[in-house]
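None of the figures in this text is laboratory data; all of them are computed from the coordinates on show. Just so we're clear, the structure is a prediction, and the values are computed from it rather than from any experiment. Every residue, glycine among them, receives a Cβ derived from its backbone with ideal geometry; neighbour counts consider all protein chains shown.
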Amino acid sequence: MALLKRLTERDRAVLPFTLDGRPASGLLGDTLLTAVLTAEDSLRGSDFNGEPRAGFCLMGACQDCWVKLGDGRRVRACSTLLEAGVCVSREPGRSL
Ligand code: FES
């Protein structure tokens, strides 16, 4: 179940992408964080205990929103815009 629900701006272009190997979609102008959290209930697992995280500062300062892209880059989801066709992988974090 998605953590975020779109209430407005539904008329932007749809951008397909891949999330954890499955097809997903976001809207033109979405950050990766928005695109992921309108499809899923978490962005990644905590580095400390694997608990679900959804970012914290949402402005590129806390590093609580790292995701991996298909080209191997690790980026902050809150400050990276979604591009059509990008492959995004969520990190599970560490389990205790
Ligand atoms: S949520 Fe803090 S850097 Fe992205």
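Out of Cys78, Cys62, one residue alone is in a loop (DSSP other than H, G, I, E, B), near the ligand (Cβ under 9 Å from one of its atoms) and not aromatic (Phe, Trp, Tyr). It is Cys62. For the stretch 26-41, the tally of residues that are touching an Asp or Glu at 6+ places or on another chain (Cβ under 9 Å), part of a loop (DSSP other than H, G, I, E, B) and either within 18 Å of Arg74 (Cβ to Cβ) or not polar (S, T, N, Q) (or both) stands at 2. Phe48 falls short on exactly one of the conditions (1) of a type in the set (A, V, I, L, M, F, W, C); (2) buried (at least 19 other Cβ atoms within 10 Å of the Cβ); (3) more than 21 Å from Arg12 (Cβ to Cβ); (4) more than 8 Å from the ligand (Cβ to nearest atom), and that condition is (2).
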